[in-house]
Amino acid sequence: MSRHRISLKVNGLRHEVDVEANKTLLQLLRDDLELTGTKLACERGDCGLCTVLIDGMPVKSCLVLAVEVDGHEVTTIEGISGEELNSVQKAFIKHGAVQCGFCTPAFILTATALLKRNPKPTEEEVKEAIGGILCRCTGYRQIIDAVLDAAKER
Ligand code: FES
Ligand code: FES
């Protein structure tokens, strides 16, 4: 398998790495950079649990090859906030929108990106934004309420 040197920023840090041509961004993040907040589940684009931000937009990292992010900027859950939790994270706690937590990084990243480009989304817009992410625990109501509540802070 051929290898390629790529350069990308992850959570603000520049990385130069050699990757196999068939390595996914999900594998690069979890296996090479040890950023395990990005979850591995279906690995075929069905569940959305591997969502990260590429240049600020939510993307399923199991469907992206590492070589495709050469020159781009990736944000994972480890880099979404500073010392303090961001408003979406705080709202998830307030609304009990986290149960097992396996889906939570994907929702937090997706909602944070949504509020950045659309600070006052309607409920329908929130549903549309998070529509590609599966949660087996909360039933979604608390997640939607948390995102709408975080929007009030803006
Ligand atoms: S692990 Fe990527 S969509 Fe399920
Ligand atoms: S909180 Fe468990 S899958 Fe969503």
Single match in 88, 74 (criterion: at pLDDT 95 or above, of a type outside the set (Lys, Arg), more than 16 Å from ligand 2 (Cβ to nearest atom) and open to solvent by less than 80 Å² (accessible area, probe 1.4 Å)):
74
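In segment 130-139, how many are farther than 22 Å from residue 40 by Cβ and either open to solvent by less than 40 Å² (accessible area, probe 1.4 Å) or under 18 Å from the mean Cα position of the chain (by Cα) (or both)?
Number of matching residues: 0.
Just the residues that are polar (S, T, N, Q) and either at positive phi or open to solvent by 60 Å² or more (accessible area, probe 1.4 Å) (or both), please, taken from segment 2-26. Can you show your working first?
If we filter segment 2-26 for residues that are polar (S, T, N, Q), which is where we start, we get 2, 7, 11, 22, 24.
Within segment 2-26, 2, 11, 22 qualify.
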Taking segment 38-52 and keeping residues more than 16 Å from ligand 2 (Cβ to nearest atom) and either open to solvent by 10 Å² or more (accessible area, probe 1.4 Å) or in contact with a Lys or Arg (Cβ under 6 Å, 6 or more places away or on another chain) (or both) leaves 43, 44, 45
Does segment 9-17 contain at least one residue that is part of a loop (DSSP other than H, G, I, E, B), within 16 Å of ligand 1 (Cβ to nearest atom) and under 17 Å from the mean Cα position of the chain (by Cα)?
no
Within segment 113-154, how many residues are touching a residue at least 12 places away in the same chain (Cβ under 8 Å), away from ligand 2 (no atom under 16 Å from the Cβ) and of a type in the set (Asp, Glu)?
3
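Inspect segment 95-112 for any residue being open to solvent by 30 Å² or more (accessible area, probe 1.4 Å), farther than 23 Å from residue 137 by Cα and either among the charged types (D, E, K, R) or within 15 Å of ligand 1 (Cβ to nearest atom) (or both) and give the result as yes or no. Lay out the reasoning, then the answer.
Going through segment 95-112, the residues open to solvent by 30 Å² or more (accessible area, probe 1.4 Å) turn out to be 95-96, 98-100, 102.
If we keep only those that are farther than 23 Å from residue 137 by Cα too, we end up with none.
The answer is no; no qualifying residue exists.
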Conditions (1) open to solvent by less than 60 Å² (accessible area, probe 1.4 Å); (2) more than 16 Å from ligand 2 (Cβ to nearest atom); (3) out of contact with any helix residue (DSSP H, G or I) (no Cβ under 8 Å at 6 or more places or on another chain); (4) not acidic (Asp, Glu) -> residue 63 fails only (1)
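The values are calculated or read from the model by the stated rules, or taken from the named source; none is laboratory data. As the structure is a prediction and not an experimental result, all values here were calculated from the model. Please note: Cβ atoms are built from the backbone with ideal geometry, for glycine as well, and neighbour counts cover all protein chains shown. Remember, those area values only see protein heavy atoms, side chains included, never the ligands or the DNA or RNA. Shrake-Rupley method; radii C 1.70, N 1.55, O 1.52, S 1.80 Å.
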